[in-house]
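The values are calculated or read from the model by the stated rules, or taken from the named source; none is laboratory data. Remember, predicted model here, so these are calculated numbers, not experimental data. Cβ: placed from backbone, ideal geometry, glycine included. Neighbour counts: every protein chain shown. These accessible areas exclude ligands, DNA and RNA; they are computed on the full protein's heavy atoms, side chains included. Shrake-Rupley method; radii C 1.70, N 1.55, O 1.52, S 1.80 Å.
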Amino acid sequence: MSNKVHLGHHARKRFGQNFLNDDAIIGRIVAAISPDNDHTMVEIGPGLGAITEPVAEKIDCLNVVELDKDLVARLTSHPFLGPKLNIHQGDALKFDFGQLVEEGKSMKVFGNLPYNISTPLMFHLFEYAEHIENMHFMLQKEVVLRLSAAPGTKAYGRLTVMAQYHCQVIPVLEVPPGSFVPPPKVDSAVVRLVPYKDNPHPCQDLAKLHHVTSTAFNMRRKTLRNNLKKLFSDEDFTQLGVDATLRPEQITVAQYVALANLLSQR
Ligand code: SAM
């Protein structure tokens, strides 16, 4: 199948380019984002502008981060978008979102993300959670299921714990492959992530939470006692009321935070 898009751009697989081409879906995404001038608006991967344009119609200025130089050139010379966009050419994974923070404003971040980098990109964005009002992302449906999974389910993993530590996770809508050009091989879904202003389970040192979760989920079939034996004794588990015979997907975000906080006290 040809991957020539109607607008004359050759979709680049390595940049995860699947362009939205469904006005009904785009309308629902823009309504969910609810663009306004009271927030610093940021789009990751504007591409050919499918979401960028209807969002820019509602606001004065939109920050975009785009890796593909050809697409940046098109956006820059676009008669309507060019003057409204604050364009950052580069890799969103390495982008310092802190530079966009404006006094007295929090950010609304959104994007139809390149699926190959969506998980590390979300981890990167969690570092700026305190500056973010909300995020709306188009992702593989499977990733949205992981983000919103409950303990005890197959989809519950390290991404779930870290996402639910930082944010309230709200699935918004499902999107079939036919809504994109070229169509991706997987189903997609839009999710809303709302960072907590007052975290219900504050963690003293996020690096410890990263360490505990990556160690715990290293071997999903093993028990917590086995996976975490270098970090915690049976007495530690007892002290925290965590059953060490459970598997990593069976304990809550609050329990992971309690384990991380115990490490911080040493
Ligand atoms: N927003 C457009 C749409 O919905 O039609 C394009 C979405 S497409 C799935 C992903 C976009 O992210 C492409 O424009 C691609 O060039 C861009 N992209 C890929 N990797 C990127 C990265 N590391 N940093 C920033 N943008 C990236």
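Selection of the range 65-85 for residues being more than 10 Å from the ligand (Cβ to nearest atom) and open to solvent by 10 Å² or more (accessible area, probe 1.4 Å) yields ALA73, ARG74, THR76, SER77, HIS78, PRO79, PHE80, GLY82, PRO83, LYS84, LEU85. Against the list (1) open to solvent by 70 Å² or more (accessible area, probe 1.4 Å); (2) hydrophobic (A, V, I, L, M, F, W, C); (3) touching a Phe, Trp or Tyr at 6+ places or on another chain (Cβ under 8 Å), the condition ALA216 fails is (1). Looking only at the range 103-148, residues that are among the charged types (D, E, K, R) and on the phi > 0 side of the Ramachandran plot come to 0 in all. Annotation note: of ALA24, ALA32, the sole residue that is modelled with pLDDT of 95 or more, more than 12 Å from the ligand (Cβ to nearest atom) and within 15 Å of PHE180 (Cα to Cα) is ALA24. At least 2 residues being touching a residue at least 12 places away in the same chain (Cβ under 8 Å) and among the acidic types (Asp, Glu) is the threshold, and among the helices (runs of 4 or more DSSP H) wholly inside the range 155-258 not one reaches it.
For GLN204, state whether it is touching a helix residue (DSSP H, G or I) at 6+ places or on another chain (Cβ under 9 Å) and open to solvent by 50 Å² or more (accessible area, probe 1.4 Å). Against the criterion (touching a helix residue (DSSP H, G or I) at 6+ places or on another chain (Cβ under 9 Å) and open to solvent by 50 Å² or more (accessible area, probe 1.4 Å)), GLN204 qualifies. What's the total number of residues in the range 136-150 that are open to solvent by 50 Å² or more (accessible area, probe 1.4 Å) and hydroxyl-bearing (Ser, Thr, Tyr)? Selection size over the range 136-150: 0. Within the range 92-102, the only residue that satisfies the criterion of being open to solvent by less than 30 Å² (accessible area, probe 1.4 Å), assigned to a loop (DSSP other than H, G, I, E, B) and either more than 8 Å from the ligand (Cβ to nearest atom) or aromatic (Phe, Trp, Tyr) (or both) is PHE95. Can you work out which of the residues in the range 103-135 that are away from the ligand (no atom under 14 Å from the Cβ) and at pLDDT below 95 is least open to solvent (accessible area, probe 1.4 Å)? That would be GLY104.
One residue stands out among those in the range 35-64 that are more than 10 Å from the ligand (Cβ to nearest atom) and part of a strand (DSSP E or B): the one that is surrounded by the fewest Cβ atoms within 10 Å (Cβ to Cβ), which is ASN63.
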